[in-house]
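FYI, it's all coordinate maths here, none of it is from the lab. Because the structure is predicted, anything quoted here is derived from the model rather than measured. Don't worry about glycine lacking a Cβ; one is built from the backbone with ideal geometry, like all the others, and counts go over all protein chains shown.
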């Protein structure tokens, strides 16, 4: 029973991590959109926010795809 509980806690932590990173990435994308209205004066901030959001998008994408991979070291044959 403790092993099952431990796996459930680990799974909940991964869900929480993905949710947090998704929210932060969405906020960064909103900041990028907000900076575009400032024109050329908002370019430095926009570049920083966009660069950071890119890392967030990559993390969320990799985490999401990782949820559908088989667990336990099982590999499927690729043809």
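Would you mind calculating the relative contact order of the range 2-66 from Cα pairs under 8 angstrom and at least 6 residues apart, reporting the percent as a whole number? Intermediate results must be reported in sequence, preceding the final value.
Numbers: 35 pairs, mean separation 23.7, N = 65.
Relative contact order for the range 2-66 comes out at 36 percent.
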Quiz prompt | Computed FRET value (nearest 0.05) for residue 18 with residue 57, which takes r as the C-beta separation and R₀ as 22 Å | solution = 0.95
Self-check item: Square roots of 5 times each gyration tensor eigenvalue, C-alpha, the range 2-66, largest first, Å
Solution: 34, 10, 7
